[in-house]
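Structure first, then comments.
What follows is calculated from the coordinates using simple rules that are stated; it is not laboratory data. Note that the structure is a prediction, hence the values are computed from the model and not measured. Note that we place each Cβ from the backbone using ideal geometry, even for glycine, and neighbour counts take in every protein chain shown.
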Amino acid sequence: MSQNDNLFKKIMRGEIPSAKVYEDEDVYAFKDIAPAAPTHILIIPKAPLDGLNELTDADALIAGKLLVTASKLAKELGLEAGGYRCVINTGEAAGQTVPHLHLHLLSGRDFRWPPG
Ligand code: 5GP
């Protein structure tokens with residue numbers, strides 16, 4: 001569990017405005033402020049988890065909920081046909097800049113593999 005305050009906690013509390021896409025008791029989803037694709041949504045758990053490194057068996061439901069939410073949003077937004085990519089950057093070297101677990105849901109353009 002994270003003890004620290006961070007940007008995404010402030011967003012969830014409404015202290016920093018965000019373009020909400022979806023919310024339930026477990027997760028909050030909002031548009032990325034600097035979109036890397038025509039559709040770029042961040043899905044975050046309400047639980048104070050810093051990132052994938054923190055997860056234990058006790059977090060299996062919430063970890064799964066991130067993926068299920070991505071799948072549901074992809075259907076609702078009509079992303080299935082064109083394809084989409086889900087990314088969880090973990091650690092600075094991998095590009096994680098906010099220390100709160102978040103899944104990027106990206107769509108609307110072609111993506112390269114392997115990612116740069
Ligand atoms: P990371 O680099 O940690 O995987 O992803 C953090 C993401 O948060 C980045 O894609 C960045 O554009 C996004 N971001 C940073 N600050 C804000 C903000 O104030 N509002 C929103 N909506 N997104 C933000």
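Of all residue pairs spaced 6 or more apart or on separate chains, those with beta-carbon atoms under 7 Å, a first member in segment 97-114 that is closer than 16 Å to Gly51 by Cα and in contact (Cβ under 8 Å) with a residue 12 or more places away in the chain and a second member that is among the basic types (Lys, Arg) and not in a strand (DSSP E or B) are His100/Lys9. Filtering segment 19-56 to residues that are within 10 Å of the ligand (Cβ to nearest atom) and either surrounded by 18 or more Cβ atoms within 10 Å (Cβ to Cβ) or touching a residue at least 60 places away in the same chain (Cβ under 8 Å) (or both) leaves Phe30, Asp32, Ala36, His40, Ile41, Leu42, Ile44, Gly51.
Are any residues in segment 75-104 away from the ligand (no atom under 11 Å from the Cβ) and within 13 Å of His40 (Cβ to Cβ), and if so, which ones?
Applying the first criterion (away from the ligand (no atom under 11 Å from the Cβ)) to segment 75-104 yields 75-86, 93.
Leu77, Leu79, Tyr84, Arg85, Cys86 - these are the residues of segment 75-104 that are away from the ligand (no atom under 11 Å from the Cβ) and within 13 Å of His40 (Cβ to Cβ).
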